[in-house]
Amino acid sequence: MPFSTFGLNPALVTAISELGYQKPTTIQTKAIPVILQGKDLIAAAQTGTGKTASFVLPILHQLSQAQTQKKKRIRALILVPTRELAIQVDEKIQQYAKHLPLTSLAMYGGVDEKAQKQALIDGVDVLVATPGRLLDMYGQRAVYFEEVEVMVMDEADRMLDMGFIDDINKILDRLPSDIQHLLFSATLSNKVRDLAKSAIPDPFEISIAANQASKANIEQWLITVDKDKKSALLSHLIKENQWQQALIFIETKHGAAKLAAQLEKRGIEAEAFHSGRSQAIRTRLLEEFKAGKIRYLIATGVGARGIDIHELTRVVNYDLPFPADEYVHRIGRTGRADAKGEAISLVSKDNFKNLCMIESRLGHLIERREVAGFEPKKPVPISILNYVPKHKRNPQQ
Ligand code: AMP
């Protein structure tokens, strides 16, 4: 089924075909018609499935039907958890709206407000914002909500994990009540459903089953290894397999810096990407990584959401993340929109509980491999599917 059958504004269809999209992804096929009908929607879809276009395209279509832009008044609001995601969603909007007279802005904290305020005065149709900065600007009367027609909560689970619940509720209270509400989340957990219930009492629901969470085009495997051998193993894998690029996830800022130094000692140049580095540096690192100038980027969780690189073929979990959904988000950095990808996890005995939780979330075991010379002295036990943790906190800690 081609994009033209949705009845989208031809300017959008042209932009999509210029980007090389040939057919809609599953979430797009399901969500676009529902949103075009003006219905409220909650959808379980993780990053990498084409979910951004599934709400951005129908929103841009709706906005293109009338020209009502007024200064400081936005017409669509997209709430996102991180700056990186705000930038990424805004980039997509600009690509899709290329042939339309619609404007957008990414608004997030940690940078000077002046330019964002000026852009709002000049006129913004679609605002992509993190909750804290948005409330701040609203409090300063830099933005008004009475013209809002549609709002999106993107990566709602992540926003709740990051403690944005009060901010989101405040924003929902301040928005007009008769607008269209859309919520996207990797999983529809009870917490997410509670949030949805208050804002969207009777939504249309789209859900992709848990075992579909592992995308078929991502080859997932893990290597069991002792904790103190992980950095040597990673260097070995990079050199032996001549990896062109890898996005390497690690739990802590300190760990990221240490690993970069360890790789450097073995002649491998890598950069650490984490919240301790300035926004300007993070933006530059991402650009250089996208351009292939940086081959190995070591990122903490903050990097997981905002990185959208078409040709990224490989993600490495140096640590296993907690909670399990984070694993799904991380591996979603690769194999995007049907390209082939590879997700490799380095698993030591102390990662065992996280491994069980991840495999239970996926609904299947991840293939185990051993690498000669790195066989663990402390073996990782056989996994338990349908594992139920006793404590909710990270069992690795
Ligand atoms: P998302 O899940 O929204 O982060 O999108 C993942 C990637 O897929 C982005 O790089 C999009 O540009 C790309 N994409 C989205 N929809 C399509 C499509 N229908 N065909 C090909 N690529 C797409």
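Key figures for this structure:
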read-out: Mean shadow area of the chain over all directions, Cα convex hull, nm²; value: 19.0
read-out: Along the chain, longest interval not containing exposed GluC sites (Glu not before Pro), exposed being DSSP loop plus at most 10 other Cβ atoms within 10 Å; value: 1-145
read-out: Relative contact order (percent, whole number), the range 218-386, Cα cutoff 8 Å, 6+ residue spacing; value: 34
read-out: Cα-based equivalent ellipsoid of the range 3-212: semi-axis lengths in Å, sorted from largest, via gyration tensor; value: 24, 22, 15
read-out: Span-like helix ranges in the chain, DSSP H, alpha carbon extent 18 angstrom or more, Kyte mean at least 0.5; value: 51-64
read-out: Computed log₁₀ I(q)/I(0) - Debye formula, equal Cα scatterers, no solvent, the range 14-100, q 0.18 Å⁻¹; value: -0.89
read-out: Counting all C-alpha pairs of the range 218-386, share separated by more than 26 Å (%); value: 22
read-out: For the chain, the longest site-free run once trypsin sites (Lys or Arg not before Pro) in DSSP loop states with at most 11 other Cβ atoms within 10 Å are removed; value: 142-292
read-out: When each of 265/378; 92/191; 51/378 is checked by Cα-Cα distance, pairs over 32 Å; value: 51/378
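Every read-out reported here was derived from the displayed coordinates using simple, explicitly stated rules and does not represent laboratory data. Since the model is a prediction, treat every value here as computed from it, not as a measurement. Don't worry about glycine lacking a Cβ; one is built from the backbone with ideal geometry, like all the others, and counts go over all protein chains shown.
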